Amino acid sequence: MQILVCDRTESDAIERMRAAGLIVDTYFEVSPEELPNVLPNYAGCVVRSRTKIRQPLIDVCPNLKIIVRGGVGLDTIDADYARSKGITVMNTARASSVSVAELALGFMFMLARNLYKASSTMKAEKWEKKTFEGDEIGGKTLGLIGIGNIGKEVAIRANALGMTVIAYDPYVKESEGVRLVTLDEVLAQSDYISLHLPITKESADMIGKAQFEKMKTGVRIVNCARGGILNESALYAALTNGKVAGAALDVYAEEPPMDWKLAQLDNVICSPHIGAATKEAQGRVGAEVAEILIEFAKK
């Protein structure tokens, strides 16, 4: 079985696939223009966030049997269309859960203690000790929107820190250590809101002006899920009118952003979509990709 690895993947995983008898070619910098000429030769492909597999590309790949995304979500793939053509589509849903959860919690600490601004003043050789009175996150209410693999990992850690954890997820009936509530209850009751759901037709722009109006004044918001769930214009307004005290963003509607005004706000912390960017997560992603493809090839 011939596999094309389109995006950077752990070398150990590639060698493991080859040892199992798969023919694996790597083309980490393949461009969208090149893919229609290259991919039709392969039965399987591996992508991450960079490479997109859309309907026009699928239509010119009659040999394609499986697409594996190394990461969470399938928004870079027209998955339903691929499946309608008999192509198996899979991802590594759990591999990066802990890494993303830790980033979300790290963001909460940074927001609570003004750590970004405090560090910046020190680098500017300013001693502004009395400026940075913060808050403890213990005793606060954390509202999770989405309680899948990552949301559950966040909840475990938040509970250990003494937070009260509530969550909205219409697809989950129960979750240990978490009180499931309506979306409106999450918005109204939470001191911190953290997003952990995929971008879909239903979730696109689900947090906009009307939702911000239902939140507590002074709420802090974390998004390590996907851009486009938070309406960025509405978030900007809420951050500048005092409704939202601070936000921490790892994902954006456009990546990289075309408009940097959110990143330039003093009460916003940003990172360039690094939620899964840990050595441990990358190792687990590669191992799971290899396992999926080796098992598929046995069928």
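The values are calculated or read from the model by the stated rules, or taken from the named source; none is laboratory data. This structure is a prediction, so every number in the text was calculated from the model and none was measured. Methodologically, a virtual Cβ is constructed for each residue, glycine included, from the backbone with ideal geometry; neighbour enumeration extends over all protein chains shown.
Observations, loosely collected:
- Meets criteria (closer than 21 Å to G151 by Cβ and not assigned by TED's automatic domain parsing to the domain that holds K52) for M206: yes
Matching residues to (1) surrounded by 11 or more Cβ atoms within 10 Å (Cβ to Cβ); (2) within 19 Å of I229 (Cβ to Cβ); (3) in contact with a Lys or Arg (Cβ under 7 Å, 6 or more places away or on another chain):
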site: E133; (1), (2), (3): no, no, no
site: I137; (1), (2), (3): yes, no, no
site: I147; (1), (2), (3): yes, yes, no
site: K152; (1), (2), (3): yes, yes, no
site: I156; (1), (2), (3): yes, no, no
site: N159; (1), (2), (3): yes, no, no
site: E174; (1), (2), (3): no, no, no
site: V186; (1), (2), (3): yes, yes, no
site: D191; (1), (2), (3): yes, no, yes
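- Within the range 260-277, being free of Cβ contacts under 8 Å to residues at least 24 places away in the same chain and either surrounded by fewer than 15 Cβ atoms within 10 Å (Cβ to Cβ) or in a loop (DSSP other than H, G, I, E, B) (or both) holds for W260, A263, Q264, P272.
- All told, I137 falls short of being assigned to a helix (DSSP H, G or I) and under 25 Å from H273 (Cα atoms).
- Residues being free of Cβ contacts under 8 Å to residues at least 24 places away in the same chain, small (G, A, S) and surrounded by 11 or more Cβ atoms within 10 Å (Cβ to Cβ) - total across the range 107-129: 3
- The residue pairs whose first member lies in the range 156-175 and is touching a residue at least 40 places away in the same chain (Cβ under 8 Å) and at positive phi, whose second member is surrounded by 20 or more Cβ atoms within 10 Å (Cβ to Cβ) and hydroxyl-bearing (S, T, Y), and whose beta carbons are closer than 7 Å, counting only pairs six or more residues apart or on different chains, do not exist in this structure.
- In the range 264-276, the residues that are touching a Phe, Trp or Tyr at 6+ places or on another chain (Cβ under 9 Å) and of a type in the set (G, A, S): S271
- Scanning the range 209-225 for residues that are in a loop (DSSP other than H, G, I, E, B) and either surrounded by 24 or more Cβ atoms within 10 Å (Cβ to Cβ) or not assigned by TED's automatic domain parsing to the domain that holds N149 (or both) yields a total of 2.
- Residue match in the range 162-170 (condition: within 30 Å of E291 (Cβ to Cβ) and among the hydroxyl-bearing types (S, T, Y)): no
- Counted as qualifying within the range 1-79 are the strands (runs of 3 or more DSSP E) with 1 or more residues that are within 23 Å of the chain's Cα centre (by Cα) and closer than 17 Å to L293 by Cα, namely 2-5, 44-47, 66-69.
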